[in-house]
Amino acid sequence: MTRKIKVSLCTHGRNDNYTPDFLYRLEMTLNFTAHSAKSAGVLEEMEFLVVDWNSDTPLSDVLSLSQEASFMTKFIYVDKPSTMDLNERIPLSLAANTGFKLASGEYIGFCGGDTIIPTSSIRALFSVLRGDSIIGAPEDKYFNCGRYTVPYQFVNSKPSITEWENFLVTRSWFLQKSPAVPGFLRGGAGLILCHKDIMRKSRGLTESFGDKWGWNDVDFTLRLMNHYDWRDLSAVGFQLYDMEHQPKVGTRSNICKTQPRHIINRELITNHASWGDTGFPIQIQNSLPDKCRIDDVEVSFNDDDAIRAAEQCVNEFVQQTKRVKAKWNVIGEKEFFRFQILSLLNSFNPFDSVFNFQVTNSQLTYFLASLYPSCHLNLCTSWDEEDEVQGPHVIADRLFHSFVKFSGYLRVFTDPERGYCKLEESAFDWICVEKVGLAKLTHRSIQGASLICVLCNEVESAKAHLISLGLVEAEIFVNSEFGMTLWAKKGIDRVSRLVPKLKMCAPENSAVIERDEYSSLVGLYSFIRHLDKSQRYVLYGFGSVAKLLLPHIYTLIDAIFDEALSDRDDELSGLRLISFEEFYEFKDSIILVTPTIYDEDIRARLTRAGLENEIISISW
């Protein structure tokens, strides 16, 4: 029996690393949409068409889809003709139209391959299309809606469906809508949808735009607006979330972002009668269902190579801090070393911005919130009946409005000794407590934790309590000098001796210059953490910042350029020192500019030399 499809959603792409984690983004779009459709009871009435433009390995072969997503998804594979090379760019309007023309739904819409549509939005959409909403008859209108942007820091952690849903119900409050103008005539729509008759009458997106993108959706909106009324789906509760892209990453993102001329077409039809016909062989493919990653991901610390690399990284950093006087005068070298250790710990944990913290120290709170601004933060503190200094409202205001810029989920408990903080009802990924909170740690509250850090001078007592909770004594590290007892999951004990006390002070009421220095410190940390580790780099300049950066990306560096150095310099750590002319030997490497004060001059010099490498300046 043939399914009666109410809604066809369409997108397109290619398996060519257009942006990092494109496969994860598309996979999650399909799995999450199918999950939402099933929860809304309309899976049988939806289909998702993915136009695969000539992937060497088809998308249908590499995506891990759930049973529901496999049922809902059709892959339209455009085969490569032997006489034409399509590897550089996708003719984007034609690719979209290919999906529109083959869609079976009564209503046809298109969205990005990095879109999250929750169950409530699917229910709202079907209410509109069945004529049960305030919008009235839907068949003679077209529909737009805005999109909320989910920070790339969270997206890069590759959250599961469960983690996505938890993020939306706890952190949607801070998400910003993509900029838009009236009528979405500057873009910014997350979904454009209309009845199949309107789509066929209009003949889809203007194909003469070729492989350019950035005006296609606006042109389509303008043409429809001349002939049909439009409605905003947000009015009936439809919300859509767009996965933000990390700036300046991906192998094709630059060449595919060329905009066409902003031609304002007055006529509804701009394509010929054979619109949506690629002229190439088309195959309809389905993906075999696989186990979708819905449950939480286990943290693994068993990568011996990573541990050895981390040990080497820290050892090298220790040596460099003896030679390098960075500009962190307020924080100082010891504190900067502590910051570096946090970077080390992060390399072992894939949760990234979905950390769930339990903390008690206010200064520690601000620093953790700076490093993980989208985390789930449980703050255990105390306050007076009237408290404009340490009251929870004051802390929340500092977290959000200060240089910390916290945007995650915050829950504030009272002092554990007053008996109101029931940690046994929650589970945490990373637990940092002082003596006053130690007694409230229970076997249940530490289940699933990756790191437990107890900050108190009575380290043996803290160790005994952790052992009583079932933790293995050999995995617990004690540092009497720092007043710290640390347990870390699965094997990190080999480097735990390097982890100092985590009481790094964020200057709460410091002068502007101190805040700037602190923000620079956190910014440099973020830059290191989010640098694309799949790429190769050439360092331009080898000053203080480059020397701090080098241990983290040593294995990614092809060469170093600095006219003030000689190849006998001990600080090069065996890396090749090149002349300016030798840049041409590294056409596939990204040039990483570290002396940012001269950024414009350096970029101009590289451009005059005809170098076409991607250039990234350290931004912090």
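With respect to the numbered conditions (1) surrounded by 19 or more Cβ atoms within 10 Å (Cβ to Cβ); (2) assigned to a helix (DSSP H, G or I), which one is the sole condition not fulfilled by E585? Going through the list (1) surrounded by 19 or more Cβ atoms within 10 Å (Cβ to Cβ); (2) assigned to a helix (DSSP H, G or I), E585 breaks only (1). Against the conditions (1) closer than 24 Å to H552 by Cβ; (2) at pLDDT below 90, R568 satisfies every one except (1). Of all residues in segment 388-410, those satisfying the criterion of being surrounded by 18 or more Cβ atoms within 10 Å (Cβ to Cβ) and modelled with pLDDT of 75 or more are I395, R398, L399, F406, S407, G408, Y409, L410.
Here's a check for you: in segment 156-184, which residue that is touching a residue at least 40 places away in the same chain (Cβ under 8 Å) and among the aromatic types (F, W, Y) is surrounded by the fewest Cβ atoms within 10 Å (Cβ to Cβ)? Restricting to residues being touching a residue at least 40 places away in the same chain (Cβ under 8 Å) and among the aromatic types (F, W, Y), the top hit is F174.
Determine whether segment 80-100 contains at least one residue that is closer than 20 Å to S160 by Cα and either in a helix (DSSP H, G or I) or out of contact with any Ser or Thr (no Cβ under 7 Å at 6 or more places or on another chain) (or both).
No - not one qualifying residue is present in segment 80-100.
In segment 91-116, the residue that is most open to solvent (accessible area, probe 1.4 Å) out of those that are among the hydroxyl-bearing types (S, T, Y) and more than 20 Å from L240 (Cα to Cα) is S104.
A single entry from S120, S133 fulfils the requirement of being modelled with pLDDT of 95 or more and either assigned to a helix (DSSP H, G or I) or hydroxyl-bearing (S, T, Y) (or both): S120.
The residues in segment 164-206 that are assigned to a loop (DSSP other than H, G, I, E, B) and within 28 Å of A273 (Cβ to Cβ) can be counted, and the count is 5.
I'd like to verify a number: residues in segment 136-155 that are in a loop (DSSP other than H, G, I, E, B) and buried (at least 18 other Cβ atoms within 10 Å of the Cβ), how many? Here the count works out to 4.
Sub-6 Å Cβ pairs linking a first residue in segment 45-60 that is at positive phi to a second residue that is surrounded by fewer than 19 Cβ atoms within 10 Å (Cβ to Cβ), at least 6 apart or interchain, are N54/K80; N54/L86, ordered by first then second residue. Scanning segment 31-44 for residues that are in contact (Cβ under 8 Å) with a residue 40 or more places away in the chain and under 14 Å from V7 (Cα atoms) yields T33, S36, A37, A40, V42, E44. Residue selection: A103 fails the criterion of being under 27 Å from the mean Cα position of the chain (by Cα) and of a type in the set (A, V, I, L, M). Within segment 207-217, the set of residues being surrounded by fewer than 19 Cβ atoms within 10 Å (Cβ to Cβ) and either more than 27 Å from the chain's Cα centre (by Cα) or not in a loop (DSSP other than H, G, I, E, B) (or both) comprises S208, G210.
The lone criterion from (1) modelled with pLDDT of 90 or more; (2) open to solvent by 40 Å² or more (accessible area, probe 1.4 Å) left unmet by I615 is number (2).
The values are calculated or read from the model by the stated rules, or taken from the named source; none is laboratory data. These numbers come from a predicted model, not from an experiment. Using ideal geometry, Cβ is built from the backbone for each residue, glycine included, and neighbour counts are taken over all protein chains shown. Remember, those area values only see protein heavy atoms, side chains included, never the ligands or the DNA or RNA. Shrake-Rupley method; radii C 1.70, N 1.55, O 1.52, S 1.80 Å.
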